[in-house]
Structure formats: structure tokens, C-alpha cells
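The values are calculated or read from the model by the stated rules, or taken from the named source; none is laboratory data. Since the structure is predicted, the reported quantities are computational estimates derived from the model, not experimental observations. A quick note on method: Cβ atoms are made from the backbone with ideal geometry, for glycine too, and the neighbour counts reach across all protein chains shown. The area values use the complete protein model at the heavy-atom level, side chains included, leaving out ligands, DNA and RNA. Shrake-Rupley method; radii C 1.70, N 1.55, O 1.52, S 1.80 Å.
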Amino acid sequence: MPKKRKRKRDDGHVDESWLLPYSDLLTLLLALFIVLFASSSIDEAKFSQISSVFSEVFDGGKGVMDSSSPTTVPVPQEDAGAGNENSSYLEDQRSLGEIQENLENYIAENELEGQFDTKLTEEGLLVTIRDSVLFNTGSAEIDTQYRSVASDIAKLLVFEKPRQIVIAGHTDNVPMASGQYKSNWELSVMRAVNFLSIIAENDKVDPMAFSAKGYGEFRPIAPNDTEANRAKNRRVEVLIQPLVLKDGTAFE
């Protein structure tokens, strides 16, 4: 009669061979998380931190289960300056909006809607004045009855913190046939200078913040094909520049 085989005694040992692939799986998941996290927004500092983590995980030969302490994943710090820069820009834009509102109130009170226009642009607040409000045809001298308009505009250009202001003259493309100015360039420059001269009479404005330019016929806002369009091109523009650019830097 064959002898019965004796069963091996169970010593209570648990097979832990499964821990090795489990450790490798967690390591790969950690690497995937780090890559996805870094790809969302990365800069040089963050990239350096990410590289050090990869070096520890892969080059150091340690798995997650072998590490005595959990691997630290770098957390990007928000650039504190960026918020301040953006806040400064938005505050400056609100300030320009208030200046625009004051100018538009003046335009409405004096029924100058057809002669004035204001517009916020990337370069600043642009105020456009038709030449008929200030000048006679072919002349750069501001008409006596309209000097008060220039003086009133000067009051609205007094700011607590001075802004750079550029006054530019523009003409249509009709050549100068006679008079003291040989070209539209000369006429446009002198119109800007004369308008600026009246503004500078206000002792509350900072003369160092102002400049004058003349573009002649070379920056039209409408085709010079009709009298109505040519009238649009004959204008003086006042550009009130920002104090802070969109990237947060101060305007120079």
C-alpha cells in the first residue's frame, strides 16, 4: 500500500514578489504626472526642479516603495510681481477712461459732437479735433473765437501725475497753392505747434510732457476723393499716452 505524501508545512510566509512590478508602476505613474504637470506651464526654474526629480527617480535607482520619504513634487510659485503689474495697467486704463469721460462731457456741453472725437487705443487716449473748429482754410493761426476751446482742453490735460502728450497736425492732399506755407507738412506742423502754444499758457500743465508733430497729408483716415473725406483728414490729434504698458512696465 503506497504511502501518503506528507503535506508541506505552511510556515506563514507571504509571497511579496508582486511588490516589484507594483513599485515600478507607481514610479511610471509619478513620472507621467510630473510630465503632465510641467507641460501645462513651464519656465526655466520649474524645468530645473522637474529635472532633479527625474534624476532622483530614475538615475538614483530608487523606486517609490524603496524611498524612505515621499518624493517632493515642485509646486510652481505665482509671480507676485505679475499681479501687481497687471493691476497697475488696469488702474491706468481706468484713469484714461475717466479722462475720456471728462472730455466727452465737455464735448456734449459745448455741442461739439460733430467736430470732436475720442477713442481709447493701444497707444493711449486719442482726441481728434476737426481743423474747422480751430483754423481758417490754409491758416495755422487759431481763430480768435476758438481760442477758448484750446484753453478749455488745456484744463482737461492737467493731471496729478503728468502724462506724455503728443499733438499732431494733419492735412488733406490738396497742394498749397499760395500763402506763407510751402507745403502741407509745414502747415500741419505749425498748426500743432500753435495749438500746443495755447495749451502751454496754462501754468498748471508740464511743458516737458508735451511734443508737437506734423504729418501733412501722409496719414489720412479717409480717402481724399470727396470734400467730406478731405475734411476728415484735416485735423489735429491729441494723444494722451499711458503711464503703464500692458506688460506692466512704465511708459517712457
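Note on the range 214-252: residues that are hydrophobic (A, V, I, L, M, F, W, C), open to solvent by less than 30 Å² (accessible area, probe 1.4 Å) and assigned to a loop (DSSP other than H, G, I, E, B) amount to 1.
For the range 129-150, the criterion of being in contact (Cβ under 8 Å) with a residue 40 or more places away in the chain, crowded, with 17+ Cβ neighbours inside 10 Å, assigned to a loop (DSSP other than H, G, I, E, B) and in contact with a Leu (Cβ under 8 Å, 6 or more places away or on another chain) is met by at least one residue. Here Asn202 meets each of (1) open to solvent by 30 Å² or more (accessible area, probe 1.4 Å); (2) part of a helix (DSSP H, G or I); (3) under 24 Å from Glu101 (Cβ atoms); (4) of a type outside the set (Gly, Ala, Ser) with one exception, condition (2). For Pro162, the criteria (1) open to solvent by 20 Å² or more (accessible area, probe 1.4 Å); (2) touching a helix residue (DSSP H, G or I) at 6+ places or on another chain (Cβ under 6 Å); (3) not in a loop (DSSP other than H, G, I, E, B) hold in every case but one, which is (3). Does Ser211 meet the test of being more than 25 Å from Pro242 (Cα to Cα), outside any loop (DSSP other than H, G, I, E, B) and either among the small types (Gly, Ala, Ser) or modelled with pLDDT of 95 or more (or both)? So Ser211 fails the test.
Within the range 166-214, the set of residues being over 34 Å from the mean Cα position of the chain (by Cα) and of a type in the set (Val, Ile, Thr) comprises Val174 only. Of all residue pairs spaced 6 or more apart or on separate chains, those with beta-carbon atoms under 7 Å, a first member in the range 195-210 that is without any contact (Cβ under 8 Å) to a residue 60 or more places away in the chain and a second member that is of a type in the set (Lys, Arg) and buried (at least 18 other Cβ atoms within 10 Å of the Cβ) are Ala209/Arg163.
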